[in-house]
Structure formats: structure tokens, C-alpha cells
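Report on the following structure.
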Amino acid sequence: MLARYLIVLGFILFPLSYSKILKGSESDVNKIRWFDQKNKVYVLQNRVHKKKDRILFNVGVIKGLENDYQDTLGFLFGGQYFWSENFGLGFSYRAYGHLDNNAYELLKKLNGVTPFLRREKELMGVTFLWSPFYGKINTFNQITYFDWYFGAGLGFLKSESNSDSFKNSSGTNTFKSEKNLTLLLKSGLKFYLTNTLDLRFEYLQKVFTAPTGLSKKDLRFKADLSLSVGFSF
């Protein structure tokens, strides 16, 4: 549990610690000092792909993490608007599906025990987006431009769990619907394929309070990895 708190804290502090070193705006000029202090070189990072005043959409697939007994997959749809090259607002909808994995089947077969399960169903959220890092990669004489962005916001998570039947040990495994307000933290890389098409890799951390197998309320962590294709207009 402590490790998860440190991961979330590091997620927040890491971009802040580097924000004064690396900038994504064209108005920022970096000074490079050579051994001879009289000679200076100024480098300006020009943006080939603009985000300001553009509407963006993305669709993709999700791989759920931090679920020991089930495999979680899903799809997402999102939209973003940037009022500057660095700052914007995003909306996301995610739907999840679950399958029992080998660990679940072995536990039930060998011990006759059904573990505590929480199955996410839908997530709708809004995040404030910060995209401070803009760069390019040259591979095989092909230049690929990318953005590294961060986001924080709130979401509404619909899920279901077998918390009640797990506590009562009644032998039946019934699931009860849950609705939770969720803190959303994300980070992602967006690679520009063309001026209107991009490929995105994103990590999303969800933090909320909900019943567990042993307590009425506890701080819970759920995470997603996603791959999506984005379109801009």
C-alpha cells in the first residue's frame, strides 16, 4: 500500500520538478553554455503539429491492471480541446469486460474459495491536461514528433463487487452494483503520424474509496494501460 502512495506522489511531483528545465512552447528559448562563456547558442523548438484551438478525438483499447483474479479488457472514447499548446481539457468514456483467469480457477478448484472481486463496468471522467514536453525522434531518417502529457481530474466509476457475500461466507457469490467518485491521474505519449492522425500510449491511475473484502471503506487503486488512435480537426 505504501508503494502505491509513493507512485501516486511521484506521478504528481515528477513533471513539476522538470517543468522549469524542459518546455514545449515556441516562446521558450534554451541557452546552451560552452566551455568558452563568451560563445552561446540559442535553440528554438518549433512546433510542426499544433494543438491550440483544435478539437481532438481518440478511440482505442484498454488493458486493466491490478486485478489478481481476472483479465480485464475494454475500449475507450475520448475528446480533448486545447486553448493553448500546453493546456487543455479532456473527456473520456471507458467500458470494461472481465474474464476469470487461471489464478481464479486454481483457487476455486484447489481450495473451494471464491476470492473478493471488484469488476469495473463504466468510467466517465473529465481531466485537466498539461502537455509541457514536445520533441522528435529520428529513426531510419524518418522524423516522428511526439507530445508527453499529464492529466488530473475526476471521474464517475460504475462497478460491481461480491463484498457482501465474501464477508458473509454464505457459499453464494452475488455481485452488488457500486458507484464511486474517482480521482483520475494520467500520463501519456502521443506520436504524430500525420497532421491530423496520431497514436497514443496512456497510463491511467484511478483512486477511490470503496468496500473491500475485510473493511467497509478503504482507499482503492485501479490502473489502465491503453492504446488508441487520435484524430484532430
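The values are calculated or read from the model by the stated rules, or taken from the named source; none is laboratory data. This is a predicted model, so every value here is computed, not measured. Here the Cβ is made from the backbone with ideal geometry for all residues, glycine too, and neighbour counts use every protein chain on show. Each accessible area value is taken on the protein alone, full model and side chains, heavy atoms only, with ligands, DNA and RNA left out. Shrake-Rupley method; radii C 1.70, N 1.55, O 1.52, S 1.80 Å.
For the reader, a short list of remarks on this structure follows.
- Hz values of 3J(HN,Hα) by residue in the range 102-115 - Karplus curve (6.51, -1.76, 1.60), Gly and Pro given as x: 5, 4, 5, 5, 5, 4, 6, 6, 7, 10, x, 10, 9, x
- Placing +1 on the Cβ of every Lys and Arg and -1 on the Cβ of every Asp and Glu, with no other charges, gives the range 132-233 a dipole of roughly 280 debye about its Cα centre.
- Relative contact order (%) - criterion: Cα under 8 Å, at least six apart; region: the range 168-233: 30
- Cα-Cα over 21 Å, subset of Lys63/Lys167; Lys179/Lys217; Lys51/Lys222; Lys158/Lys222; Lys50/Lys206: Lys63/Lys167; Lys51/Lys222; Lys50/Lys206
- Counting only protein heavy atoms and a probe of 1.4 Å, the accessible surface of the range 115-219 is 61% carbon and sulfur.
- Positive-end ranking of Gln205, Ser163, Phe191 along the dipole of the range 145-220, with charges on Cβ about the Cα centre, is headed by Ser163.
- Convex hull (Cα only) mean projected area of the range 35-177, reported in nm² to one decimal: 15.1
- Mean separation of Cα contacts under 8 Å (6+ apart) over length of the range 37-128, as relative contact order %: 25
- Here's the picture: a label point sits 7 Å out from the Cα of Phe231 along the beta-carbon direction, and within the range 44-88 the residues with their amide nitrogen under 14 Å of it are 55-60, 77-80.
- Whole-Hz Karplus values for the range 188-199 come out as x, 10, 10, 9, 7, 8, 9, 5, 10, 10, 9, 10 Hz, taken residue by residue from phi with 6.51 cos²θ - 1.76 cosθ + 1.60 and θ = phi - 60°; glycine and proline positions read x.
- Computed with every protein chain present, the accessible area of Asp218 is close to 60 Å² [probe 1.4 Å].
- For the range 104-233, the per residue solvent-accessible surface stands at 52 Å², with DNA, RNA and ligands left out and a 1.4 Å probe.
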